[in-house]
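Enquirer: Quick one: the structure is below, and I'll ask about it shortly.
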There are 2 protein chains.
Amino acid sequence: MAATSAPPASAHANGNGSLVGVAAPVGAPTNPMATALLTDQYQFSMAYAYWKAGKHADRAVFDLYFRKNPFGGEFTVFAGLEECIKFIANFKFTEHDISFLQSVMPMCEGAFFNYLREVDCSDVEVYSIPEGSVVFPKVPLMRVEGPVAVVQLLETPFVNLINYASLVTTNAARHRHVAGKSKVLLEFGLRRAQGPDGAISASKYCFMGGFDATSNVLAGNLFGIPLRGTHSHAFVSSYMSLDEIPDKALKSKDGSRLCQDFVSLVQEWLQKIQAANSLGGVFGDTNKSELAAFASYALAFPSNFLALVDTYDVMRSGIPNFCAVALALHDLGYKASGIRLDSGDLAYLSIEARKVFSAVEKEYNVPGFAKMLITASNDLNEETIDALNKQAALGCVFKLVEINNKPRIKLSEDVAKVSIPCKKRCFRLYGKEGYPLVDIMIRESEPSPKAGERILCRHPFIESKRAYVVPQHVEELLQCYWPGTSDKPRAELPSLEKIRSRCMQQLEMLRPDHIRRLNPTPYKVSVSTKLYDFIHRLWLNEAPVGELQ
Amino acid sequence: MAATSAPPASAHANGNGSLVGVAAPVGAPTNPMATALLTDQYQFSMAYAYWKAGKHADRAVFDLYFRKNPFGGEFTVFAGLEECIKFIANFKFTEHDISFLQSVMPMCEGAFFNYLREVDCSDVEVYSIPEGSVVFPKVPLMRVEGPVAVVQLLETPFVNLINYASLVTTNAARHRHVAGKSKVLLEFGLRRAQGPDGAISASKYCFMGGFDATSNVLAGNLFGIPLRGTHSHAFVSSYMSLDEIPDKALKSKDGSRLCQDFVSLVQEWLQKIQAANSLGGVFGDTNKSELAAFASYALAFPSNFLALVDTYDVMRSGIPNFCAVALALHDLGYKASGIRLDSGDLAYLSIEARKVFSAVEKEYNVPGFAKMLITASNDLNEETIDALNKQAALGCVFKLVEINNKPRIKLSEDVAKVSIPCKKRCFRLYGKEGYPLVDIMIRESEPSPKAGERILCRHPFIESKRAYVVPQHVEELLQCYWPGTSDKPRAELPSLEKIRSRCMQQLEMLRPDHIRRLNPTPYKVSVSTKLYDFIHRLWLNEAPVGELQ
């Protein structure tokens, strides 16, 4: 768990994990390339324009939120917070950065670069929903406050770090939900991801969303994610014959016996299988290089023998070769792990392989052989990745909602794109049965909703959509993650394991119809009456009046 | 161009750039996370099994190739080579890596980890098609030779580094082809890419494929790619009124005059526009915060004034506000750059905006105003990214083709997935008109095809598909990129600019029907008769014979 910081807990607050009274040190971003230059050029153009107008230190409030749940679903899992906090904790321009900026912005006054030299995020505040939480459209995942020029520089890296993280975590959580708790889900995306970091992030966030292990060794090293992997087709075809195995001896599992020639034992078993009536006629000659590869692999990993059986022909070569090696291992007290299928009709081949394993169990009285693990890769994995890739990005936006205490709104002809102005507090209201009923945003000056007290929840844009709610329990969503003071202690950045558990708990807490795959019910997101009225006053005020001609 | 190494050229060979006689130093991978642990777990399982069997040093030859062109096209641009070479030049396990591997593979003997401690790529050879070349299915992009255990460890990182790079470069090249040479193509993908590195790679390879600039400042810094960017909606809504601009003075472009109150000049122009008959009635009141933002931005960037005009209402507010500021700038000798549209019906709004600009040019006699730049973002950008994302990955594979001088084949029920065995040389044969006609793979022992000599080119799997070719010119495709000796000098890693030029030249050289968007003609890829015969002998030999029942 090298890269996840989990400082000792000191106090608890509203079930969201522990709060750190004194600011704990925050490590560097996982990817060393996540530096202050990782932003869009226009953030620097704007910073200069703000600075020229003497506006750079104006106190701005930005909301980071998304407009639509991904994958046709009605929920999203929020991820990427820890990387954002690590990013701002280390936000600083080096002299190298400054020289580069000067070279690409030669029209800017020198004093501007002196200003940039001094910039850091000590004056920025970040309020966020805890990582691994279930979240919904329009409700801010994060509220970022600070000098307008600085907070704008954070927009692009924050959205970059959150969009992909949340998309992958949500996708993984959806797969976990469909697969149920007992299935083992493995992630093998390294070779198909968008470069090294796309892959490393995918491994991290798949695990966060409920996968069990990854093939990516570096991700295992960075995040403590369990690793999985056996061998490839190339391993099989690298062998030519059984003569290539120089050391054929294998000790029995309990160490009591030494089999001098494991390879001969394997060959004997293969002959028996080929001759057996119950399996009879199914098997002709098997591929000898495959048999050599399996025997060699079993000699290296007698306790973890899992073989890829589709290099030549699954049913005519891979399965009988596997059974011969597995039965030889069994003679020495080992239990083979199973097979992996990577091509062909996976469903059909699984069934056929299972039949052979059952027949072997019966014929040779090997208890458990019928329950041999059958792992499918390739197609399953591609479906996962394709779903991920068809959804280009989560589409988080970062909108100015207040500056110098003046609420701001971004209008659009498309109502879905109108931003909700004002510095807001956000709450999740729970009903009698323990399910979350609705999220509500209120103005900062309003009193919080209280358990047992009736409150009117209004659709932010449609006047007629409103409902009274008497919450059984009220949870405040946004917590302080940066910088933290004695008044407003900084919330902990939990370990990856804890975030993963939070994600699973949060999904279990939702009403099942919100998370079902087919026709899920949208979860309601609302505003208070005061906020509703304010939004619509400001909207009228800012929108130009047309003239019909 | 900080990260691209371009050692001084010393000799030229077959038009593919210069060769470096003495091995030039190779820098570190762009992404510091691209280390020796960035691979699949099973590569280490196999390395151990090879080592246990005393097979780890067996000399293996692997081909890296793909089976299908992306985006429904008939060509691919090869990219990612430089990062692969940097990867192997720095390939080494640290003590930290070794400890980690020991912890996750506790069943392996200690001596195996001593072996890993000594592993590097000094004994690996890489032959590759030059980066930025147009390439086709089945032909090896790279041939990697070396100790089987080491080369297997390279499989995953190589495929990771090449798949995404080639996919992005091909996508960019396709966009450049459709847009033609004169259009400016900008890449703004940072916030939507798969993490920091997904974005940085996208910027690099979009530029390689023919884009003109990026918004990603770090990519600009790392690769010397031109940067672009103006301002966002938040900048516009951060202003409340014109009073917020403290310093209203602006010098004329030639420095001869000082306008004490640029803001008043803007307001005068706005009134004139609103009153003008030729534009009359089109404009009511415009949004004052938008006007303030534009005026402020123009004061900061009088020579580069490009305004985002859709924060409130493009035609009723954005365009008249822009025109007022642009005309005020014009009074002082500046030329406004143009507008950016980021929402709505971009085609319609472009046409309407152009009409207004033409009317302004006429009404106020401002030559060139009608030709104001109109930039469209959002939709265009999304289409690019969506196309990219719908194509999950290029799907490069890395297949063993020979071990200890023995050719190997990977069979499959799907003929398209059968690998082409043998260590091969690859050639591109050009016809009379200068177009490439066909690529041909031959066995290493065969004589090279020669210009003017007739050669039979055969489809690798379908006996009846074959054709005689008399090439006008023959180009050998695979060159030595690692490690390079005095016999086989190492080919240069050219600068990003040079690779970009190569990519454009290569596309211009192709017969147009191969690159057209609609129904492109497949380019032919073939093998020599000797190789054809060998493939089919080996295939028969390895495939199990079935028994009908």
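Enquirer: Whether any residue in region B:518-532 is under 30 Å from B:Val124 (Cα atoms), of a type outside the set (Lys, Arg), assigned to a loop (DSSP other than H, G, I, E, B) and open to solvent by less than 30 Å² (accessible area, probe 1.4 Å) is what I want to check.
Expert: Yes: region B:518-532 contains one or more residues that are under 30 Å from B:Val124 (Cα atoms), of a type outside the set (Lys, Arg), assigned to a loop (DSSP other than H, G, I, E, B) and open to solvent by less than 30 Å² (accessible area, probe 1.4 Å).
Enquirer: Oh, and also: Looking at region A:238-266 only, could you name the residues that are more than 17 Å from A:Ala336 (Cβ to Cβ), part of a helix (DSSP H, G or I) and away from chain B (no Cβ under 13 Å)?
Expert: Start the filter on region A:238-266 by keeping residues that are more than 17 Å from A:Ala336 (Cβ to Cβ), which leaves A:238-249, A:255-258, A:260-261, A:264.
Next cut, part of a helix (DSSP H, G or I) only: A:242-244, A:264.
Answer for region A:238-266, where residues must be more than 17 Å from A:Ala336 (Cβ to Cβ), part of a helix (DSSP H, G or I) and away from chain B (no Cβ under 13 Å): just A:Ser264.
Enquirer: Can you tell me which of (1) in contact with a Leu (Cβ under 7 Å, 6 or more places away or on another chain); (2) over 26 Å from B:Ile455 (Cβ atoms) is the one B:Arg500 doesn't meet?
Expert: Among (1) in contact with a Leu (Cβ under 7 Å, 6 or more places away or on another chain); (2) over 26 Å from B:Ile455 (Cβ atoms), B:Arg500 violates only (1).
Enquirer: Here is a follow-up. Counting only residues that are within 10 Å of another protein chain (Cβ to nearest Cβ) and hydroxyl-bearing (Ser, Thr, Tyr), which one in region B:185-211 is farthest from B:Glu497 (Cα to Cα)?
Expert: Residue satisfying both the conditions and the ranking: B:Ser201.
Enquirer: Which of (1) of a type in the set (A, V, I, L, M, F, W, C); (2) buried (at least 22 other Cβ atoms within 10 Å of the Cβ); (3) within 23 Å of A:Arg408 (Cβ to Cβ) is the odd one out, the single condition B:Val360 does not satisfy?
Expert: (3)
Enquirer: Given the conditions (1) more than 9 Å from chain B (Cβ to nearest Cβ); (2) closer than 19 Å to A:Arg502 by Cα, and given that A:Pro226 satisfies all but one, which numbered condition is not satisfied?
Expert: With (1) more than 9 Å from chain B (Cβ to nearest Cβ); (2) closer than 19 Å to A:Arg502 by Cα applied to A:Pro226, the lone miss is (1).
Enquirer: Could you figure out which of (1) in contact with a Cys (Cβ under 6 Å, 6 or more places away or on another chain); (2) more than 13 Å from chain B (Cβ to nearest Cβ); (3) buried (at least 23 other Cβ atoms within 10 Å of the Cβ) isn't true of A:Tyr48?
Expert: It is condition (2) that A:Tyr48 fails.
Enquirer: Looking only at region A:494-513, count every residue that is open to solvent by 40 Å² or more (accessible area, probe 1.4 Å) and in a loop (DSSP other than H, G, I, E, B) and tell me the total. So that I can check it myself, show each step before the final result.
Expert: Keep residues of region A:494-513 that are open to solvent by 40 Å² or more (accessible area, probe 1.4 Å), which gives A:497-498, A:501, A:504-505, A:508-509, A:511-512.
Next cut, in a loop (DSSP other than H, G, I, E, B) only: A:511.
Residues flagged as open to solvent by 40 Å² or more (accessible area, probe 1.4 Å) and in a loop (DSSP other than H, G, I, E, B) within region A:494-513 amount to 1.
Enquirer: Inside region A:468-515, can you point out the residues that are free of Cβ contacts under 8 Å to residues at least 12 places away in the same chain and in contact with a Ser or Thr (Cβ under 7 Å, 6 or more places away or on another chain)?
Expert: Listed by number, the list holds a single entry, A:Asp513.
Enquirer: In region B:135-163, what residues are touching a Pro at 6+ places or on another chain (Cβ under 8 Å) and of a type in the set (A, V, I, L, M, F, W, C)? Walk me through it before giving the result.
Expert: Initially, region B:135-163 is screened for residues touching a Pro at 6+ places or on another chain (Cβ under 8 Å), giving B:138, B:157, B:160-161.
Hit for region B:135-163 is B:Leu161, nothing else.
Enquirer: I would also like to ask the following. Keeping to region B:380-416, report how many residues are outside any loop (DSSP other than H, G, I, E, B) and modelled with pLDDT under 85. Show your work before the answer.
Expert: Of the residues in region B:380-416, the ones outside any loop (DSSP other than H, G, I, E, B) are B:380-390, B:397-403, B:406-407, B:415-416.
Next, from what is left, pick out any that are modelled with pLDDT under 85: B:380-390, B:415-416.
Qualifying residue count for the region: 13.
Enquirer: Please list, ordered by first then second residue, the pairs with beta carbon atoms under 8 Å, 6 or more apart or interchain, first in region B:198-214 and in contact (Cβ under 8 Å) with a residue 24 or more places away in the chain and surrounded by 24 or more Cβ atoms within 10 Å (Cβ to Cβ), second aromatic (Phe, Trp, Tyr) and not in a strand (DSSP E or B).
Expert: As it stands, the answer is B:Gly198/A:Tyr164; B:Gly198/B:Tyr164; B:Ser201/B:Tyr164; B:Lys204/B:Phe223; B:Tyr205/B:Tyr164; B:Phe207/B:Phe223; B:Thr214/B:Phe188; B:Thr214/B:Phe207, since those pairs meet every condition given.
Enquirer: So, one more: For A:Leu394, only one of the following conditions fails: (1) under 26 Å from the mean Cα position of the chain (by Cα); (2) more than 30 Å from A:Gln194 (Cα to Cα); (3) of a type in the set (A, V, I, L, M); (4) surrounded by 22 or more Cβ atoms within 10 Å (Cβ to Cβ). What is its number?
Expert: Answer for A:Leu394: the failing condition is (2).
Enquirer: Follow-up. I need a count of the residues in region A:461-474 that are under 30 Å from the mean Cα position of the chain (by Cα) and surrounded by fewer than 18 Cβ atoms within 10 Å (Cβ to Cβ).
Expert: So the first thing to find is which residues in region A:461-474 are under 30 Å from the mean Cα position of the chain (by Cα), and the list is A:473-474.
Restricting the remaining residues to those that are surrounded by fewer than 18 Cβ atoms within 10 Å (Cβ to Cβ) gives A:473.
Residues flagged as under 30 Å from the mean Cα position of the chain (by Cα) and surrounded by fewer than 18 Cβ atoms within 10 Å (Cβ to Cβ) within region A:461-474 amount to 1.
Enquirer: So which helices (runs of 4 or more DSSP H) are wholly in region B:72-181 and hold at least 3 residues that are open to solvent by 40 Å² or more (accessible area, probe 1.4 Å) and either among the charged types (D, E, K, R) or away from chain A (no Cβ under 14 Å) (or both)? Walk me through how you get there before you give the answer.
Expert: Working: elements: B:81-89, B:95-104, B:110-118, B:148-179.
Hits in region B:72-181: B:110-118, B:148-179.
Enquirer: Restricting attention to region B:69-85, does a residue exist that is modelled with pLDDT of 95 or more, more than 29 Å from the chain's Cα centre (by Cα) and either not assigned by TED's automatic domain parsing to the domain that holds B:His514 or not hydroxyl-bearing (Ser, Thr, Tyr) (or both)?
Expert: No: region B:69-85 contains no residue that is modelled with pLDDT of 95 or more, more than 29 Å from the chain's Cα centre (by Cα) and either not assigned by TED's automatic domain parsing to the domain that holds B:His514 or not hydroxyl-bearing (Ser, Thr, Tyr) (or both).
Enquirer: Another one. Quick check, is B:Tyr65 open to solvent by less than 10 Å² (accessible area, probe 1.4 Å) and either modelled with pLDDT of 95 or more or within 11 Å of chain A (Cβ to nearest Cβ) (or both)?
Expert: no
Enquirer: Go through (1) more than 29 Å from A:Val418 (Cα to Cα); (2) more than 40 Å from the chain's Cα centre (by Cα); (3) in contact (Cβ under 8 Å) with a residue 12 or more places away in the chain; (4) open to solvent by 10 Å² or more (accessible area, probe 1.4 Å) for B:Asn365 and report which single condition fails.
Expert: The failed condition is (3).
The values are calculated or read from the model by the stated rules, or taken from the named source; none is laboratory data. Fair warning: this is a prediction, and the values are worked out from it, not measured in the lab. Cβ atoms come from the backbone with ideal geometry, glycine included; neighbour counts cover every protein chain shown. With ligands, DNA and RNA removed, areas are computed over all heavy atoms of the protein, side chains included. Shrake-Rupley method; radii C 1.70, N 1.55, O 1.52, S 1.80 Å.
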